[in-house]
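Asker: A single structure is presented below for examination.
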Amino acid sequence: MGRSVPERGVTGAVPLACVLGGMDIVAPLAMAGIPCVVSVGRTDPARFSRHVRGAIDAMHPWREPEAYVDRLVAWAERQPVRPVLFYPTDGDLLMASRYRDRLRPAFRMCLPPAELVEDLVDKDRFHALAVRTGLRVPRSFYLRAGAGAAAGIDPALDDLALPVVVKPVDRCHAGRLLRHNAKAIRADSAAELADLCRTAVGSGVDCMVQELVPGPETAIESYHVYVDAEGRTVREFAGAKLRTEPPEFGESTAVRITDRADVLAEGRRVIAAIGLRDGVAKVDFKRAPDGGLWLLEVNPRFNLWHHPGAAAGANLPALVYADLVGGHRPEPGSIRSGVTWCEVREDLKALVRSGRSPWSWLRSVVRAHTRSTGAWSDPMPLLRGLVLPALRNRLPGPRPSGSG
């Protein structure tokens, strides 16, 4: 994909991209020659990238959004021209949406309407929206923690066909219920479900109990799109998961770009039904054994898929940037199916857990077209951000004490 040509400000400065996250958003912007600053933790590998011009210490977008917004605005107001904001997590997205009036004078942002953002992030509201607009979603029940212990044995749960999955309504308090990066917990029996419901209620976590679509995590396929402020689809692509960690309901550790026509068609239908505009989105489906697609969720934010997507010819972050700064959209070419991505460290865990050897992981890393922190042309995030800290932790002798 060609380079964006940003409009220079009156000072001749090029607007910076401010990325509230790591390399999978920096990399596609770098492919288009767009200068970046990251807002990440102090040990995040992205700080060591040759494509990053500076770093802002990140704060927790769920727990301290007002202070984080103040920090970001203070930085942006010192720049010669307004930067462009990129938000890659649910917490970042909600912070940007809920504080948009405070952020917009300082940042350029591509952001869907506030009510739609809330509808898509909250799983109960999303399910209601999907049913209201006639989209095919698994049957679900909303388990409200505030309803007390009796909610764990609500008769309405008997209407759901086992097995089911139990997942927090939002990710803010998910850690109280879930472990090891899992997104949900499976219940195969009524007894397991009752136990899970009691645990959720006791943890104070509102959950969705949803019928499980049969099949492995590799049956999850996704549609990715950028829709401009006028509601026009600028660019789209499809993809499929290869591995996750943990193996069931885990985070993606390896993915592949695809050209599945039904995923593209169904993704367009979902985007039209919900009325998305002025935003990017990832639409997750699960392919059932009969080949049909069930809608799982819609995430209206930037994400890891934009890295392999850019390598395949659909650079959504660069297109968003070009529109926001008045640059020229790169000419669209064909999208290359089969482009792969892996998260170097977590994919090792996924492969070893599946019974494969570390050598198979090394082959996978070498063959991947894109890697979260291991690009041959930008090795410092991997070496200084992951390898050296791991080696220091293994070396004998005193270590620096923490700051408390």
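Only the coordinates and a few stated rules stand behind these numbers; no lab work does. In this text the structure is predicted, and so the values were computed from the model without any measurement. Cβ atoms come from the backbone with ideal geometry, glycine included; neighbour counts cover every protein chain shown.
Asker: Tell me which DSSP H helices of the chain clear both cut-offs, 15 Å or more of axial length from alpha-carbon atoms and a mean Kyte-Doolittle hydropathy of at least 0.5.
Answerer: Correct list, ordered by number: 190-203, 261-274.
Asker: So, one more: For the range 239-330, what is one quarter of the convex hull surface built on the Cα atoms, given in nm²?
Answerer: For the Cα atoms of the range 239-330, the hull's average projected area reads 6.7 nm².
Asker: Using a Förster distance of 25 angstrom, determine the FRET efficiency expected from the C-beta separation of Asp159 and Ala273, and round it to 0.05.
Answerer: Once the sixth-power term is evaluated, E becomes 0.50.
Asker: A follow-up question, please. So which residue, out of Ala273, Ala368, Ala254, gets the largest mean-square fluctuation from a GNM of the chain using Cα contacts under 10 Å as springs?
Answerer: Fluctuation is largest for Ala273.
Asker: With +1 on each Lys and Arg Cβ and -1 on each Asp and Glu Cβ, how big is the dipole of the chain about its Cα centre, in debye rounded to the nearest 20?
Answerer: Charge dipole of the chain: 1460 debye, to the nearest 20.
Asker: Take the Cα atoms of the chain, find their three principal axes, and give me the spread along each one in whole Å, biggest first.
Answerer: Computed over the chain, the largest-to-smallest principal extents equal 66, 60, 42 Å.
Asker: What residues of the range 106-134 lie in the reach of a label at Arg144, counting those whose backbone N is under 20 Å from a point 7 Å from the Cα along Cα→Cβ?
Answerer: Of the residues in the range 106-134, 118-132 have backbone N under 20 Å from the label point off Arg144.
Asker: Past 19 Å, Cα to Cα, is the threshold; run Lys123/Lys241; Lys123/Lys349; Lys123/Lys167; Lys167/Lys286; Lys167/Lys349 against it and keep the listed order.
Answerer: Beyond 19 Å between Cα atoms: Lys123/Lys241; Lys123/Lys349; Lys167/Lys349.
Asker: By how many nm would the segment from Glu64 to Ala13 lengthen if fully extended, with 0.36 nm per residue of separation less the alpha-carbon distance?
Answerer: Taking 0.36 nm per residue and subtracting the Cα distance, the gain is 15.2 nm.
Asker: Springs between alpha-carbon pairs under 10 angstrom, Gaussian network model over the chain: which of Pro379, Pro308, Pro247 fluctuates most?
Answerer: The residue that fluctuates most here is Pro379.
Asker: Can you tell me the length gained on complete extension of the stretch Arg136 to Arg353, counting 0.36 nm per residue apart and subtracting the Cα distance? Before the final figure, lay out each step's value.
Answerer: Details: separation 217, 0.36 × 217 = 78.12 nm, distance 3.30 nm.
Extra length from Arg136 to Arg353 when fully extended: 74.8 nm.
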